[in-house]
Structure formats: C-alpha cells, structure tokens
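First the structure, in the form of structure tokens, and then the observations on it.
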Amino acid sequence: MIKITPDPLGLAVQDYYSLKIDLPLTVHTAGFDPDAMQPSYFFRTPDEMPFLEKEALRRVRGKVLDIGACAGAHSLVVQENGTEIVALESSALCCEVMRRRGIKEVVCTDIFQWKGMQFDTLLLLMNGLGIAGSLPRLSDLLRHLKTLMKPGAQLLADSSDLIYLFEDEEGEALIDVNSNCYYGELEYRFEYKGIKGDKFPWLYVDAESLQDAVDAAGLKIVELIEGDHYDYLAVIEEK
C-alpha cells in the first residue's frame, strides 16, 4: 500500500494560488508556542522581500538552482530577469503551483536525492540551510551541494542564530552546555485546516558553526552579510 503523506504547506499554497484563500498555516515547534504564517507570504513580490533575499537575488549569475523553491517567489524573479533557473521542491502540490505560475523548469524531489546537473549559483533562502535538519548533517549537505556546483560557482544561503531566544535580560545566553542537541536544532510540524503533516527537523545555524561545516566540506565563506536581527546571508564558494 502506498503511503500518502499529508502536505499542509502544499495545500495552503495551492488554496492561495487557486482560490485566494489566505487562512493561516500553523507552525508547531517543539518547546515553543504555535506560530502562524499567511500563505500569501510565499507569493511575495520583490518589493516585499527582506533585505537579505533581495541581496541574494541581486547576486545570482549563470544557471541557477533554487532549492526549496516552495511557491516559486525567488525563481520567478530570476526567470523574469532572463536567467535560466531550475526550481527544486519536494512538495508535489507546490511544484504544480509553480508550473501553473509559469516557471519553466520544476523538479519535484528531495535535494539529497538529486544529482547529475551542475549550476553557477545555488540558492538556499528562507533559512534554506535548515534542510540539513541538524548541525552534524550540515557538512553532509554542503558536500552534496558541492557536487552540484560548476567550477567558480557560488552558494547563496541565509540562516539565523537563535541564541537570542536563550538570552536573559542582561544579554547573557542561558545554554545547557551538557545538552546533546545544538540550540539551533528544532522540530517542526505544519498544520492547515486541521490537517497535520509529519514532524521534521529544521536547523538554524550561527555563523561560526557554519564556518566549521563549510571548512569540513572543502568550501569557503567569501562574504557574510548581516541582517537586522541575528540573521545573515553567506556567500560560499569552492576553496
């Protein structure tokens, strides 16, 4: 029997695109109160994008791979600027929406399962490094992405340092040094219209830990652009 995995994110994206229904997508995070995202956010225009996303899109060059493309907000900007792009996304419903939006090349798969093509620019936006799931697996992800990079290619990835969640009023970080888990490792679960998806791990990584993983993968950070609140865009190339 084939198991059909619920896809709350894909359903929310599809509802907004087809019906303009903007009901909140609930994000359950272990250890935190539930949060909500409006599906319309995945359809934001370039003017509505935060600074780091705009900066990443400004820097794309050559053939581009947009990893975790969701509804295709970034892919559309790149494509409309005349640059060749492949939008990669694991949600079949999101992929269907991207094709209907006019994105020419959409690949529906998990990035860890995909190989065979190389690109000049790899995009990992909206905390895209989170797909690693854990800090130990981040260097594995980067090694795999290295195989998708042409000589002289760049990887543009953003993330956030969640240390601020553990700071007291004096700004001191209250971290359990004996914990087996890195403080940026979270467990998420999406819910939409009462439909809950599977739990999945997600990673937020501080810049120093990213540097260690990049070094282990045989890559280098050539520039780190800071955002407004503990977030950053990393420009990564081969050594």
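The values are calculated or read from the model by the stated rules, or taken from the named source; none is laboratory data. Since the model is a prediction, treat every value here as computed from it, not as a measurement. All Cβ positions, glycine included, derive from the backbone under ideal geometry; neighbour counts span all protein chains shown. For accessibility, only protein heavy atoms count, side chains too; no ligands or nucleic acids. Shrake-Rupley method; radii C 1.70, N 1.55, O 1.52, S 1.80 Å.
Scanning the stretch 13-38 for residues that are among the aromatic types (Phe, Trp, Tyr) and outside any loop (DSSP other than H, G, I, E, B) gives 16, 17. Among the residues making up the stretch 80-97, those that are more than 14 Å from residue 9 (Cβ to Cβ) and open to solvent by 40 Å² or more (accessible area, probe 1.4 Å) are 80, 81, 82, 84. Which of the residues spanning the stretch 223-237 are assigned to a strand (DSSP E or B) and either in contact (Cβ under 8 Å) with a residue 60 or more places away in the chain or open to solvent by less than 70 Å² (accessible area, probe 1.4 Å) (or both)? Hits for the stretch 223-237 are 225, 231, 232, 233, 234, 235, 236, 237.
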